[in-house]
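This report concerns only the one structure given below.
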Amino acid sequence: MSEQSQHQPESNEGASTSAETVQNRIQQRKQAVLSFPYVKKLLKLAIYSKCQAERCDCMGWKKVDNALQNPTFNDPCRCEHVLEMHISHLHNKSEQDINKLLGMMVDVENMYTAMNREENEDTKKVYSYLFKLLRKCILTLDTPIVEGPLGQPPFEEPSIYKAVTNLVMYKFSHLAQQEWKTMHELAKIFLHCLNTWDFPPPSSHKQVVSHKEATVYKIAYTRWLVFCHVPVFCDSLRHYDTTVVFGKTLLRAVFKYVKKQIMDQFHQERDRMPLERRVMLLTNFPPFLNQLDEEIYSPSSPIWDPDFKQPPSIHLQSLLDSTKAAKRLGTPVKKGEFEKVNVPPNEKDGYTTITLSAGSKIRELDTPVREVKRRRLAQEEQFEDLSGETIAEIIATINDPKYMTGPDMVFSENAPPRDKEPKLEEKQGIIQLHVVGNSLTEPVTKQTMLWLIGLRKVFSLQLPRMPKEYITQLLFDPKHRTLALIRNNVPIGGICFRAFPTQGFTEIVFLAMTSSEQVKGYGTHLMNHLKDYHIRKNILHFLTFADKFAIEYFEKQGFSKDIRISRGVYQGYIKDYEGATLMHCELNPRIIYTEFTSVVRRQKEIVKQLIYQQQRQLSKVHPGLTFFKEGVNTIPIESIPGIQETGWRPAPRTTRGGQLEESQDIDVLAGMLKTVIAAVKSHEDSWPFREPVDKNDAPDYYDHIKYPMDLRKMSERLKARYYSTRRLFIADMMRIFTNCKQYNAPETEYFQCAVNLQQYFQTKMKEIGLWDK
């Protein structure tokens with residue numbers, strides 16, 4: 001601390017040269033002290049150790065003769081006791097404890113120097129407090145712990161680290177892989193800067209204007225000094241990363257200051273940066289900081305939502321999966337690559353959250369680990385796959401031109417899909433689809449210009465309320481593109497759109513077909529091609545303003561009036577039209593939209609044929625009953641042909657010992673069940689199930705177990721005569737065991753108790769004849 005100076009990260013190195021120099025000097029000094037012989041270590045500590053003589057208040061050995069160069073244990077102190085009395089309590093301490101005290105001694109000396117050199121009163125008070133704390137801990141042989149009104153980290157949720165991570169997912173998850181990795185890298189740089197930058201003292205911070213803001217910042221600044229800044233140089237104190245323990249309040253207070261400082265530093269060092277690094281920091285970093293600026297000071301930004309969830313894009317998920325696979329195979333993952341965090345099953349949506357490394361070494365926090373029960377997830381239901389022969393038979397059946405089954409024989413559903421003819425024409429080369437647009441930087445072919453002129457005519461005729469000048473302006477604007485439907489080299493329709501890759505959506509501006517080609521499926525075919533085109537570009541959202549005549553068309557194409565992206569994403573980007581309705585469509589990247597209708601219809605036919613085959617197997621006509629003609633008055637119900645296939649089962653019968661099952665008297669049944677539950681309760685493995693599960697022991701138990709049951713509740717039900725049949729009693733008892741096995745892992749004691757008690761329960765039920773053979 002005595003040699004501390006402003007430490008700012010090198011743009012090329014990502015670390016502060018001056019800060020590293022100071023830290024290295026301090027560590028070198030500590031290593032030199034720790035390498036002293038044992039006797040010399042004790043002599044050093046005597047200066048800071050209390051005299052052990054009775055009724056002596058001396059807080060450290062002080063030489064009587066200033067000329068004394070090499071003190072010994074027998075040299076007197078100003079308190080009139082020898083040096084030995086100041087270190088007698090240290091003889092039984094381990095070398096590790098002695099070294100710990102020596103480290104604190106070096107930190108005390110550094111804090112003293114820093115305190116005397118510091119000019120700012122706010123900072124000087126903090127240094128003074130920490131100096132006294134460390135000094136006291138050497139005297140009392142305690143670990144220094146900061147206590148009092150400052151509280152303990154973390155101070156805010158969500159943290160700066162989490163908010164910046166959310167920003168990357170919220171604003172940039174739609175980008176292509178390389179662009180997203182650039183944003184990921186910029187986020188790491190920003191987090192690292194916050195973790196290593198010096199913040200201005202409250203008295204000199206120009207960004208704080210009101211008295212309330214000044215008070216809040218003063219508290220945050222003090223916390224930052226104590227828990228984040230000073231521990232970097234005084235490692236006797238526990239260190240926390242700024243971005244992990246602070247949140248919105250501190251970031252809002254220092255962001256504009258840090259933003260300017262960072263960019264000034266980068267510009268100063270631009271000539272020393274490699275070209276690629278220079279482009280990233282001086283070209284890409286400012287827009288990233290502007291996006292962050294907007295979200296930090298927005299009153300409703302989702303990045304500060306503690307429950308923020310954002311599904312990753314396809315390329316991002318592939319990176320996550322590849323990293324997970326690398327870890328599983330033991331392949332080392334480079335620092336800064338993506339990591340996948342498993343979301344617990346109780347969290348909604350099961351989305352994946354990306355973690356960003358701040359780029360600096362983070363010390364492990366000594367947070368206590370509480371052992372909790374591990375739940376065992378139920379296996380997903382398994383379905384038997386169809387054999388290849390069955391599939392081949394069904395395909396052959398539905399490919400038969402004479403194929404009709406079930407309701408189709410009366411009400412045919414075999415009308416061709418709307419885009420069947422356009423797809424056939426495209427396959428035959430009758431129509432083509434081209435994405436065309438104007439350019440101010442590259443030559444535009446004559447053919448493209450002719451198509452654009454033809455499209456202007458189509459849009460002008462079909463959209464009479466839209467000014468021709470406006471249509472021309474947007475159609476020939478280099479930022480707009482048009483998907484054109486061409487037949488005989490003449491445009492017969494198209495969709496004009498503008499993509500906003502940084503925002504993750506595209507605005508559909510115009511859509512029209514010539515009047516003679518409408519209601520032929522061309523509009524659907526155009527929209528499907530546009531969707532596939534944007535999925536390839538990794539843009540998964542469409543927005544458009546539709547008038548009252550176009551709403552029905554857009555709804556058929558998957559658009560909705562329910563806008564599922566944040567207003568902040570598109571506000572100020574898209575053009576607003578009076579009297580029109582904003583509509584939104586979210587694309588599914590797993591669907592090929594130009595093949596969607598044919599695939600779905602094919603699947604539907606296969607399912608219908610499977611159902612028809614199953615019905616034919618189950619449908620069986622049995623011959624009529626002839627018993628009564630032969631003079632028989634009654635027959636057992638189970639002898640009726642086909643009755644068993646309907647699910648009918650015989651009435652309850654007597655069990656062993658002549659006792660009744662379901663039909664017996666409820667009081668008799670209750671008496672029998674009472675003996676069973678008493679025996680179960682007395683079993684040595686019943687202790688986990690006698691009372692309801694305590695939420696304090698398993699906080700998430702009732703999130704996963706929707707129908708809890710325990711032996712106390714069963715006893716209450718038995719007393720209230722709830723168990724009118726033995727099956728109700730068995731169901732509740734088995735629920736206890738099922739719940740336990742579902743929540744706990746097989747190797748746990750709880751799981752084994754459930755297995756043992758279930759076997760015992762079944763044995764007792766069999767003994768009194770209430771268990772099926």
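The values are calculated or read from the model by the stated rules, or taken from the named source; none is laboratory data. Just so you know, these numbers come straight off a predicted model, no measurement behind them. Heads up, the Cβs are rebuilt from the backbone with ideal geometry, glycines too, and the neighbour counts pull from every protein chain shown.
Structure data summary
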{"quantity": "Selection from the stretch 567-621 of residues that are surrounded by 10 or more Cβ atoms within 10 Å (Cβ to Cβ) and among the acidic types (Asp, Glu)", "calculated": "Glu586, Glu595, Glu605"}
{"quantity": "Matching option when the condition is part of a loop (DSSP other than H, G, I, E, B) and farther than 26 Å from Glu119 by Cα, among Pro144, Pro154", "calculated": "Pro154"}
{"quantity": "Elements of type helices (runs of 4 or more DSSP H) contained in the stretch 48-141, each with 1 or more residues being closer than 18 Å to Pro231 by Cα and under 45 Å from the mean Cα position of the chain (by Cα)", "calculated": "95-117, 121-140"}
{"quantity": "Residues being free of Cβ contacts under 8 Å to residues at least 40 places away in the same chain and not small (Gly, Ala, Ser) - total across the stretch 113-128", "calculated": "6"}
{"quantity": "Every pair of residues 6+ apart whose Cβ atoms lie under 8 Å, when the first sits in the stretch 28-39 and is among the hydroxyl-bearing types (Ser, Thr, Tyr) while the second is at pLDDT 80 or above", "calculated": "Tyr38/Glu95; Tyr38/Ile98"}
{"quantity": "Sole exception among (1) charged (D, E, K, R); (2) touching a residue at least 40 places away in the same chain (Cβ under 8 Å); (3) over 30 Å from Thr182 (Cβ atoms) for Arg481, by number", "calculated": "(3)"}
{"quantity": "So Gly558, is it of a type outside the set (A, V, I, L, M, F, W, C), buried (at least 20 other Cβ atoms within 10 Å of the Cβ) and either touching a strand residue (DSSP E or B) at 6+ places or on another chain (Cβ under 9 Å) or modelled with pLDDT of 85 or more (or both)", "calculated": "no"}
{"quantity": "Residues (within 30 Å of Gln432 (Cα to Cα) and in a loop (DSSP other than H, G, I, E, B)) located in the stretch 549-587", "calculated": "Phe549, Ala550, Gln557, Gly558, Phe559, Ile574, Lys575, Leu587"}
{"quantity": "Selection count, the stretch 241-275, where residues are basic (Lys, Arg), under 23 Å from Leu167 (Cα atoms) and in contact (Cβ under 8 Å) with a residue 12 or more places away in the chain", "calculated": "4"}
{"quantity": "Counted residues, the stretch 477-510 - those being in a loop (DSSP other than H, G, I, E, B) and either among the small types (Gly, Ala, Ser) or surrounded by fewer than 18 Cβ atoms within 10 Å (Cβ to Cβ) (or both)", "calculated": "8"}
{"quantity": "Subset tally (residues that are under 20 Å from Leu475 (Cβ atoms) and not in a loop (DSSP other than H, G, I, E, B)) for the stretch 511-539", "calculated": "13"}
{"quantity": "Candidate set from the stretch 516-552 (those that are over 32 Å from the mean Cα position of the chain (by Cα), more than 21 Å from Leu582 (Cα to Cα) and surrounded by 18 or more Cβ atoms within 10 Å (Cβ to Cβ)); member that is modelled with the lowest pLDDT", "calculated": "Gly521"}
{"quantity": "Qualifying positions in the stretch 562-590 - farther than 19 Å from Phe497 by Cβ, modelled with pLDDT of 85 or more and small (Gly, Ala, Ser)", "calculated": "Ser566"}
{"quantity": "Candidate set: the stretch 1-47, residues that are part of a loop (DSSP other than H, G, I, E, B) and at pLDDT 50 or above; chosen: the one surrounded by the most Cβ atoms within 10 Å (Cβ to Cβ)", "calculated": "Ile47"}
